[in-house]
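**Student:** Right, I'll just put the structure down here and ask away after.
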Amino acid sequence: MTALPDDKGYYGDYGGRFVPDTLMAPLIELEAAYNAATKDAMFWDEYKSLLKNFIGRETPLQHAARLTAHLGGAKIYLKREDLAHTGAHKINNAIGQILLARRMGKTRIIAETGAGQHGVATATAAAAFGMECIVYMGAEDMARQAPNVFRMELLGAKVVAVESGSRTLKDAVSEAMRDWVSNISNTFYLLGSALGPHPYPKMVRDFQAVIGAEAKEQIMAAENRMPDSIIACVGGGSNAIGIFSAFVDDKNIKLTGVEAGGHGIKKGSHAARFSGGTPGIFQGMKTYILQDNDGQAELTHSVSAGLDYTGVGPEHAWLHDSQRASYAYVTDDEAVAAFHLLSKTEGIIPALESSHAIAHAVKTAPQLPKDHIMIVNLSGRGDKDIGIIQRYAEEQA
């Protein structure tokens, strides 16, 4: 199963490369450069060195003893991506792609961001390598993630507000692609999730696969056996595909991706593509998207900016249709409750994205036997979300 995608970038029926002619050449150039890099031991040696010495890997796999006791049932472990440099898994991919950009002779880095964690990771990598950095971010997301906007600017990045459409992540992606078309010669588009046209979904998965590889070794050391289930939140899908990658060939391990249910599954009120979406073409790929009867992208909503996206990575679409992974959703209320619960039981403030995965564990763990081992990927920390949580509480009062 892990041999996918095929040489045209397809995961079964999903993926591919649906872009204007002006982007076809740079994507082919990118694919060739990445394929060459993957065969270069020095490239991977430098990447692994940066994982250790710059990002601070490996990240711990922590038994959440108090959360487990509180819920009863399954024994819960947390893969602590919140402890990676910059506070989330996004840096794993940013460092990998910036090495590729340097290898290709590119000097200008552009990126999109939703919750701001990929923007911060990209700005961090660009600063470390002395490259110009421009980050496109929806104006709505900039307002609710102001601390991360300031962090990006501190790191030397220019943050460009996107005022079009819903002023969220999908619009930031569109603006970044427009920039790339206009500046192909010196610009590298450092895409943040396992989505978009080939080869991005594969590259991002490969750079995030370190999460699953570590978790596999760590759970064997802790329990002397494989886990029974893995849970991860899914926006575009990079943290989930990263941890799933090490376990996808073991069909006895249940893989669950958790999407943003928002206010519930009704038009414009959520971002649960597998519960309210259908296959279509979106931003360079074939995948599940939230669309109307005319194929136009619908508005989305989530309390979490990082999950508030119209489409989903094509490998997730294939995992869904092949029934290798299942996909659930939790509402804003459930995610916020999980945010508070993990904070109070474990002393860990999770990102609102990660809180969706925690919320699903809260719902399912009590029904499972005590010898069931569950790993939840804690994809990021919640410092950036404190303001949102405060406003949420005020609105509920």
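The values are calculated or read from the model by the stated rules, or taken from the named source; none is laboratory data. Since the structure is predicted, the reported quantities are computational estimates derived from the model, not experimental observations. Neighbour counts run over all protein chains shown; Cβ positions are idealised from the backbone, glycine included. SASA here: full protein model, heavy atoms, side chains in, ligands and nucleic acids out. Shrake-Rupley method; radii C 1.70, N 1.55, O 1.52, S 1.80 Å.
**Student:** Would you please name the trypsin sites (Lys or Arg not before Pro) within the stretch 12-48 that are DSSP coil residues with at most 13 other C-beta atoms within 10 Å of their C-beta?
**Tutor:** 39
**Student:** Across every pair of different alpha-carbon atoms, what Kirkwood hydrodynamic radius in Å does the stretch 315-375 reach? If you can, show how the numbers build up before the last one.
**Tutor:** Values: mean 1/r = 0.0780 Å⁻¹.
Kirkwood radius, the stretch 315-375: 12.8 Å.
**Student:** Once amide H atoms are placed 1.01 Å from N in the peptide plane, what residues at a sequence separation of 5 or more from residue 160, or on another chain, have their amide H within under 5 Å of its amide H?
**Tutor:** 135, 136, 137
**Student:** When averaged across all projection directions, what area in nm² does the alpha-carbon convex hull of the chain cover? Please list the in-between numbers first.
**Tutor:** Working: hull surface 70.7 nm².
If I average the Cα hull's projected area over directions, I get 17.7 nm².
**Student:** So, one more: In 5 Å bins starting at 0, how do the alpha-carbon pair distances of the stretch 235-345 split up by percent?
**Tutor:** Per 5 Å bin, starting at 0, the Cα pair percentages come out as 2, 13, 22, 22, 20, 13, 7, 2, 0, 0.
**Student:** While we're here: Quote the charge dipole size of the stretch 38-173 about the Cα centre in Debye, to the nearest 20; the model charges only the Cβ of Lys and Arg (+1) and of Asp and Glu (-1).
**Tutor:** 360 debye
**Student:** In whole Hz, with x marking every Gly and Pro, tabulate ³J(HN,Hα) for the stretch 50-55 from phi via Karplus 6.51 cos²θ - 1.76 cosθ + 1.60, θ = phi - 60°.
**Tutor:** Karplus values, whole Hz, x for Gly and Pro: 5, 4, 7, 8, 10, 7.
**Student:** May I pose another question? Run the accessible area of the chain with a 1.4 Å probe and give the carbon-and-sulfur part as a rounded percent.
**Tutor:** Numbers: 7560 of 14660 Å².
Ligands and nucleic acids excluded, carbon and sulfur give 52 percent.
**Student:** Roughly how many Å² is the accessible area per residue of the chain, as a whole number, for a 1.4 Å probe?
**Tutor:** 37 Å²
**Student:** Among residues other than residue 198 whose Cβ falls under 12 Å from its Cβ, what is the net charge (Lys/Arg +1, Asp/Glu -1)?
**Tutor:** My count for the surroundings of residue 198 gives +1.
**Student:** Charges on Cβ only, +1 for Lys and Arg, -1 for Asp and Glu, centred on the Cα centroid of the chain; of 69, 115, 285, which one is farthest towards the dipole's positive end?
**Tutor:** So the residue furthest toward the plus end is 69.
**Student:** Could you please state, rounded to a whole Å, how far the C-alpha centre of the stretch 167-189 is from the C-alpha centre of the stretch 240-313?
**Tutor:** What the calculation gives is 22 Å, centre to centre.
**Student:** Lys/Arg Cβ at +1, Asp/Glu Cβ at -1, dipole of the stretch 257-397 taken about the Cα centre: which of 305, 374, 361 is farthest positive-ward?
**Tutor:** Farthest along the dipole direction, towards plus: 374.
**Student:** Provide the per-residue ³J(HN,Hα) series for the stretch 189-201, in order, calculated from phi with Karplus coefficients 6.51, -1.76, 1.60 and θ = phi - 60°, each as a whole number of Hz, with x at glycine and proline positions.
**Tutor:** Here the 3J(HN,Hα) series is 8, 8, 6, x, 9, 7, 9, x, x, 4, x, 4, x Hz.
**Student:** Give the peptides 93-104, 147-158 in descending order of average Cβ contacts within 10 Å, highest first.
**Tutor:** Details: 93-104: 22.2, 147-158: 18.6.
Ranked from most to least packed, the peptides come out as 93-104, 147-158.
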